[in-house]
Amino acid sequence: MITWRRMAGLAGLLALLAGPAGAAERSFRVYPLGVQDGPTVQAAAEMVLAPPSRVLLDRTRNRLLANATADEHRALAHLVREVAAPAANVRIEVRSRDAGTSEDVRAGLERPEIRIRHRDGRTTGTAAADVAIEARRTRTLAQTTQEILVSSGREGVIEVGQEVPYTEWLFDYAIRHGLVRTPDIRWRLIGARMVVLPTIVGDGPLIHVRLIPEVTAEVQGHPERVRFERVATEVTVRDGEPLRIGGFAENRDFYDRFLVGVGRGGQTRALDISLIPRIERPGVPPTEPIPGRSGPPRGPPFP
């Protein structure tokens with residue numbers, strides 16, 4: 001990631017390489033910036049140029065328009081190449097395990113017996129059967145794996161579930177902390193997810209991960225997203241090190257209610273979600289180790 005301090009230092013060095021301003025002939029060139037922040041690159045480019053050379057930012061197409069000397073153009077081209085270098089990505093493997101129990105009660109008749117008698121022109125009958133009641137308790141366990149790819153410093157989304165059983169508790173929590181704009185109107189939860197923001201620390205191998213719970217509610221027929229920033233989790237892990245969501249003592253009461261789903265039969269299911277972030281750099285296959293660095297073994301996050 002190109003930081004402002006690094007960009008300012010690079011611009012200062014390139015300004016020295018460009019040489020002193022003089023009566024050299026100037027020309028006009030265009031420098032596309034891609035997805036980079038235009039105002040930041042413009043500020044760094046202005047450090048490279050000397051009057052009367054000028055650089056303008058075309059905000060509509062996110063590009064620099066420069067009128068400068070040949071040496072200054074060389075310095076600008078080098079600056080833009082450094083800034084436009086693709087940032088490293090973080091591939092996050094999401095392993096979720098949900099466990100739940102269901103109870104089934106069945107009743108039936110066993111060994112039914114019917115007796116019919118004819119006596120003195122009359123027909124009588126009796127029926128008998130054993131009533132059997134069976135109660136069954138079943139515990140189910142399912143594990144799924146998915147992957148998301150996020151640029152360092154950008155947000156990704158992990159879906160938690162489409163139904164949340166503790167709606168009232170979460171709604172009251174949002175009211176107490178001022179997260180709901182219309183507290184007098186009850187909501188209907190239609191989804192829960194976890195926003196993940198991974199940022200590579202320096203050149204790695206450490207990754208700073210921020211996790212923010214978020215719910216989507218239906219308010220008067222319109223969807224509204226509520227982020228629970230107050231209970232966001234921040235932790236720094238090594239490349240390939242598992243991280244368990246909700247595995248910290250802090251805010252345990254919230255996550256014990258947030259990380260709960262609803263099964264097809266209506267029973268509640270406890271969700272156990274772990275993340276394994278791995279750094280991916282342009283030009284380096286994800287299956288190969290990054291040169292000069294080795295990460296920890298990639299073991300399963302679940303015991």
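On the stretch given as the stretch 59-73, residues that are of a type in the set (D, E, K, R) and open to solvent by less than 30 Å² (accessible area, probe 1.4 Å) total 1. Among the residues making up the stretch 40-58, those that are of a type outside the set (D, E, K, R) and open to solvent by 60 Å² or more (accessible area, probe 1.4 Å) are Met47, Pro51, Pro52, Leu56.
Among the residues of the stretch 232-247, count how many are within 18 Å of Ile158 (Cα to Cα), crowded, with 18+ Cβ neighbours inside 10 Å and among the aliphatic types (A, V, I, L, M). The total comes to 2. Please work out if Ala270 is assigned to a loop (DSSP other than H, G, I, E, B), farther than 17 Å from Val150 by Cβ and modelled with pLDDT under 85. No, not satisfied. Residues that are assigned to a helix (DSSP H, G or I) and of a type in the set (D, E, K, R) within the stretch 46-73 comprise Glu46, Asp71, Glu72, listed in sequence order.
Selection of the stretch 25-45 for residues being of a type in the set (A, V, I, L, M, F, W, C) and either in contact (Cβ under 8 Å) with a residue 40 or more places away in the chain or outside any loop (DSSP other than H, G, I, E, B) (or both) yields Phe28, Val30, Leu33, Val41, Ala43, Ala44, Ala45. So, Val231, is that one modelled with pLDDT of 80 or more and of a type in the set (A, V, I, L, M, F, W, C) or not? When the stated conditions are applied, Val231 passes them.
Looking at the stretch 167-179, which of its residues are within 22 Å of the chain's Cα centre (by Cα) and not in a helix (DSSP H, G or I)? Once the filter is applied, which keeps residues that are within 22 Å of the chain's Cα centre (by Cα) and not in a helix (DSSP H, G or I), the stretch 167-179 yields only Leu179. Scanning the stretch 201-231 for residues that are surrounded by 15 or more Cβ atoms within 10 Å (Cβ to Cβ) and of a type in the set (Gly, Ala, Ser) returns Gly204, Ala217.
Within the stretch 74-88, none of the residues are modelled with pLDDT of 90 or more, assigned to a strand (DSSP E or B) and open to solvent by less than 90 Å² (accessible area, probe 1.4 Å). Do you know which of the residues in the stretch 24-59 that are hydroxyl-bearing (Ser, Thr, Tyr) and at pLDDT 90 or above is farthest from Arg154 (Cα to Cα)? Only one residue fits best here, namely Ser27.
The residue that is nearest to Val260 (Cα to Cα), among those in the stretch 170-202 that are of a type in the set (D, E, K, R) and at pLDDT below 80, is Arg188.
Residue count for the stretch 89-109 under the criterion of being modelled with pLDDT of 80 or more and open to solvent by 20 Å² or more (accessible area, probe 1.4 Å): the result is 4.
The values are calculated or read from the model by the stated rules, or taken from the named source; none is laboratory data. Just so it is clear, the model here is predicted, and its values are computed rather than measured. Positions of Cβ are generated from backbone atoms using ideal geometry, with glycine treated the same way; all protein chains shown enter the neighbour counts. Note: accessible area is taken over every heavy atom of the protein model, side chains too, but ligands, DNA and RNA are not part of it. Shrake-Rupley method; radii C 1.70, N 1.55, O 1.52, S 1.80 Å.
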